[in-house]
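In what follows, a structure is listed as C-alpha cells, so that the remarks can point back to it.
The values are calculated or read from the model by the stated rules, or taken from the named source; none is laboratory data. No experiment lies behind these values; they were computed from the predicted model shown. Here the Cβ positions follow ideal geometry from the backbone for every residue, glycine too, while neighbour counts run over all protein chains shown. Quick note on the areas: whole protein, heavy atoms, side chains included, nothing else; ligands and nucleic acids left out. Shrake-Rupley method; radii C 1.70, N 1.55, O 1.52, S 1.80 Å.
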Amino acid sequence: MKKIAVLTSGGDCSGLNAVIEAVVRGGIKEGYEIIGFERGYDGLLSNDYIKLDERSVMDLSRKGGSIIRNSNKTNLFNFRVKKDDGTYEYKDVSDIAVKNLREDDVECLVVVGGDGSMTSARDFMRKGINVVCVPKTIDNDVPYTDRSFGYTTAYFHIADAVQSLKTTAYSHERVMVLEVMGRQAGWLALEGGIGGNADAILLPEINYEVEKIVAFLKDRFEKGYRSSVIVVSEGAHERGKEQVAFIDKNYPDAVKLGGVGAILAKQIEEKLKPITGQEVRNTNLAYIQRGGDTNVNDIILGFRYGALAIRAIKNKDYGKMVAVKGGEDTFVPITDIVGNGPVGETSTGGAHNVELDCPLIKCAKELGIYLGE
Ligand code: F6P
C-alpha cells in the first residue's frame, strides 16, 4: 500500500491536529496508508511512528497541540550528540532518517513546520526524499501565504488577555504591559492589540523610545484616562538597542526571545510614577497563546492546508509548500521560502513582516493607538 508520513516540527500551535486530520482523511480517501512520526524529526531519526487511521483522528481538529507531538530545533543534518565525557558534538545523522523512510516505504513526507523545519525538508529533498511542506507559525511571518494556521487562535487569546487587563488596570489606575509572541513580525501584537482595544502596541518593525511612551501615557492620564494597556511583541526593542534575548543552555544554538515586557514596565514606572503616581505591571502571555482549543478559522485553514498537501502528493507535485495566497490555493517551491543554499542554511524568501502602511497599521493610527513612532 502507498504510504505517506507526516510530522509536526518546531513550536506547536493550534491547528496542527486539523492539518493531521485532513492529511489522514484525504490520504486514506486516495488509497494511502498514513503514519505519523512522533516528536517531529526526532521520531524520524529513531523511527518512532504511529499508524493514523480515520478513527484515530475522528473529531481531532478542535484539540490544541499535536497528537504526534513536536520537537523544537532538531536538525538531523547537524544533530547534537552527547559524548561520554559530557560534552557535545554535532553529527550529520540524516542518512539514518533516509534509511528509515526507505525501509518504511514512505512515498512522501509531509513536514508541518516553520522555516527551520522547511530547510531540513529541502535538504532531505536533495537526498531524493519526496517532501511536501505545510507552513506553521503562530507569528504569521511565513512569506507567500496569507495566513498561518494557529495565528487567529493566538491573537484571540491576546485580545482576551488585553480585555482582562483593562478591567484590573482601571480598578487600580495602573499601566499594564502585556508581552506576546512575535519574533520578527508583530502581527500577533497588532491584531491581538487592536482586537482587545489596547492603548499602545509595540512591534518589532517599529523601534520604540521609552521617553515617548511615557509622554503618551502622561498625556492620556492628563486627559482623564487613569489606566492604560500596552501590548509589546517579544521581538520589539528600543531604538538603538538589541532585542531582549537569552541563550537556553539546553539549546545553545537557539536564541530565545523574552523579557522585553518586564524591562519595559520597569523603565516606564521609573519615569511615569513620579509624575502620575501610576504603577506599571507586566504580564507575559507566553505559551497560553499556543494552547487551548483551536478556533474555527484555524480549523478551516488547517483542513485546507492538509487537503492541499494530499492534492500535491496525488499530483506528484513534490518539493512544494502549500499556501493560500490572495484566497487561492497555491503550491510554492520550498526553495522560494528557504533558499537554495548549503545544507542547513536558511535564506528566507523575504519574511512576512508588518508593513508600515498596511491597512491594520492605518486603522490603529486612526483609532489613536500609540505605535511607538
Ligand atoms: O516561532 C513561534 C514562537 O512561538 C515564537 O514566537 C517564540 O519566540 C518561540 O516560538 C518560542 O518557542 P519555544 O520556547 O517553544 O522554543
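Touching a strand residue (DSSP E or B) at 6+ places or on another chain (Cβ under 8 Å), within 15 Å of the ligand (Cβ to nearest atom) and of a type in the set (Lys, Arg), is that true of Arg174? For Arg174, the condition - touching a strand residue (DSSP E or B) at 6+ places or on another chain (Cβ under 8 Å), within 15 Å of the ligand (Cβ to nearest atom) and of a type in the set (Lys, Arg) - is not met.
Only one entry of Arg25, Arg39 meets the criterion of being assigned by TED's automatic domain parsing to the domain that holds Glu107 and in a helix (DSSP H, G or I), and that entry is Arg25.
Of all residue pairs spaced 6 or more apart or on separate chains, those with beta-carbon atoms under 9 Å, a first member in segment 125-141 that is without any contact (Cβ under 8 Å) to a residue 60 or more places away in the chain and a second member that is within 15 Å of the ligand (Cβ to nearest atom) and aliphatic (A, V, I, L, M) are Asp139/Ala154; Asp139/Met181; Asp139/Ala185; Asp139/Leu188. Among the residues of segment 121-146, write down those that are open to solvent by less than 10 Å² (accessible area, probe 1.4 Å), of a type outside the set (A, V, I, L, M) and either within 16 Å of the ligand (Cβ to nearest atom) or on the phi > 0 side of the Ramachandran plot (or both). Matches in segment 121-146: Cys133, Pro135, Asn140, Thr145. The set of residues in segment 211-232 that are hydrophobic (A, V, I, L, M, F, W, C) and either in contact with a Lys or Arg (Cβ under 6 Å, 6 or more places away or on another chain) or farther than 19 Å from Gly258 by Cβ (or both) comprises Ile213, Val214, Ala215, Phe216, Leu217, Phe221, Val229.
Restricting attention to segment 1-25, the residues being away from the ligand (no atom under 16 Å from the Cβ) and open to solvent by 20 Å² or more (accessible area, probe 1.4 Å) number 4.
If a residue has to be closer than 15 Å to Ile369 by Cα, in a loop (DSSP other than H, G, I, E, B) and either of a type in the set (Phe, Trp, Tyr) or open to solvent by 30 Å² or more (accessible area, probe 1.4 Å) (or both) to count, how many in segment 166-200 make the cut? Selection size over segment 166-200: 1.
Restricting Glu205, Glu238, Glu209 to those that are over 15 Å from Met176 (Cβ atoms), surrounded by 13 or more Cβ atoms within 10 Å (Cβ to Cβ) and touching a Phe, Trp or Tyr at 6+ places or on another chain (Cβ under 9 Å) reduces the list to Glu238. Kindly establish whether Gly240 is within 28 Å of Ile369 (Cβ to Cβ), touching a residue at least 40 places away in the same chain (Cβ under 8 Å) and assigned to a loop (DSSP other than H, G, I, E, B). No: the conditions fail for Gly240. When the test is whether a residue is within 14 Å of the ligand (Cβ to nearest atom) and surrounded by 15 or more Cβ atoms within 10 Å (Cβ to Cβ), Val244 passes it. Among the residues of segment 151-161, some residue qualifies, meaning at least one is in contact with a strand residue (DSSP E or B) (Cβ under 7 Å, 6 or more places away or on another chain), part of a helix (DSSP H, G or I) and either without any contact (Cβ under 8 Å) to a residue 24 or more places away in the chain or more than 13 Å from the ligand (Cβ to nearest atom) (or both).
Within this structure, Asn353 fails the test of being within 23 Å of the chain's Cα centre (by Cα), under 30 Å from Glu222 (Cβ atoms) and touching a residue at least 60 places away in the same chain (Cβ under 8 Å). Listed by position, the strands (runs of 3 or more DSSP E) enclosed by segment 252-370 that each have at least 1 residues that are more than 16 Å from the ligand (Cβ to nearest atom) and either in the same structural domain as Leu76 (by TED's automatic domain parsing) or open to solvent by 30 Å² or more (accessible area, probe 1.4 Å) (or both) are 280-284, 320-325, 328-333. Can you tell me which residues in segment 92-144 are under 23 Å from Lys51 (Cα atoms) and part of a loop (DSSP other than H, G, I, E, B)? Correct list: Asp104, Asp105, Val106, Glu107, Ile129, Asn130.
You will find that of Gly224, Gly235, Gly196, the residue that is closer than 28 Å to His352 by Cβ, at pLDDT 95 or above, out of contact with any strand residue (DSSP E or B) (no Cβ under 7 Å at 6 or more places or on another chain) and not charged (D, E, K, R) is Gly196 and no other. Applying the condition of being part of a loop (DSSP other than H, G, I, E, B) and among the β-branched types (Val, Ile, Thr) to segment 42-91 and asking which residue is surrounded by the fewest Cβ atoms within 10 Å (Cβ to Cβ) yields Thr87.
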